[in-house]
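Values in this text are rule-based calculations from the coordinates and carry no lab data. Just so we're clear, the structure is a prediction, and the values are computed from it rather than from any experiment. Here the Cβ positions follow ideal geometry from the backbone for every residue, glycine too, while neighbour counts run over all protein chains shown.
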């Protein structure tokens, strides 16, 4: 992949790799939530499901940046980068509020919390930290838009990018099915 000068419209591969790390950073906790739900047999509460959806929405913004077709110019890349991370910021802010609400529900010293703790913290506490990291990474990425927004066509079309997007897409689909099934089961008498 070429590494050109910033003034000439640089293509910096690490901007694209940053996006892939971002996607996988959201994929792992979503897979972990499925593990807790289906292996440990702990059904999620509505707030947990909403936090999952916020993580998925934050990832959709980043997937949108990576899914650009063909060669795009600097202005289009910066616009796409800014809009994708704006979606991530909005989703992470909503998710942060939801997880904070759940933390505050269980803040009483006598309250054992909801679900089994993982490494000493409940999933909603982990979600709170993940949303803070999403906000920090998105803010830093937005500050560096001009320097890292051009992503090479080769990286966008690489097997690693395609696999990452497909796995993340399947997780989003699985989450939607779980939410639909869970809601339907709660409505049945």
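Taking the centroid of alpha carbons for each part, the range 131-186 and the range 74-123 are 15 Å apart.
Pairs of Cα atoms nearer than 8 Å and 6+ residues apart set the relative contact order; for the range 13-187 it is 33 percent. Computed from Cα positions, the angle between helix 74-105 and the longest principal axis of the chain comes to roughly 10 degrees.
Protection proxy ranking of 178-186, 17-25, by the mean of other Cβ atoms within 10 Å over each peptide's residues and highest first, is 17-25, 178-186. With Cα Rg over 2.2 N^0.38 Å as the read-out, I listed [x] 1.63; [y] 1.14; [z] 1.10; which label goes with the value calculated from this structure? Looking at Cα Rg over 2.2 N^0.38 Å for this model, the match is [y]. Computed from Cα positions, the angle between helix 46-66 and the longest principal axis of the chain comes to roughly 10 degrees. Between residue 118 and residue 173, the contour length at 0.36 nm per residue exceeds the alpha carbon distance by 17.3 nm.
Going 7 Å from the Cα of residue 43 toward and past its Cβ, which residues in the range 99-114 have a backbone nitrogen under 19 Å from where you end up? The answer is 113-114, whose backbone nitrogens lie closer than 19 Å to the label point. Using the Cα gyration tensor of the range 35-75, with a ≥ b ≥ c the square roots of its eigenvalues, what is the shape: rounded (a/c below 1.5), prolate (a/b larger than b/c) or oblate (neither)? Because a/c hits 1.5 or more and a/b exceeds b/c, the range 35-75 counts as prolate. A simple spin-label model places the labels of residue 187 and residue 90 2.6 nm from each other, with each point 7 Å out along Cα-to-Cβ. Within the listed set 142, 119, 94, the residue fluctuating most in the Gaussian network model of the chain (springs between alpha-carbon atoms under 10 angstrom) is 119. Under 10 Å, Cα contacts only: if you run a Gaussian network model on the chain, which one of 145, 27, 116 comes out with the highest mean-square fluctuation? Residue with maximal mean-square fluctuation among 145, 27, 116: 116.
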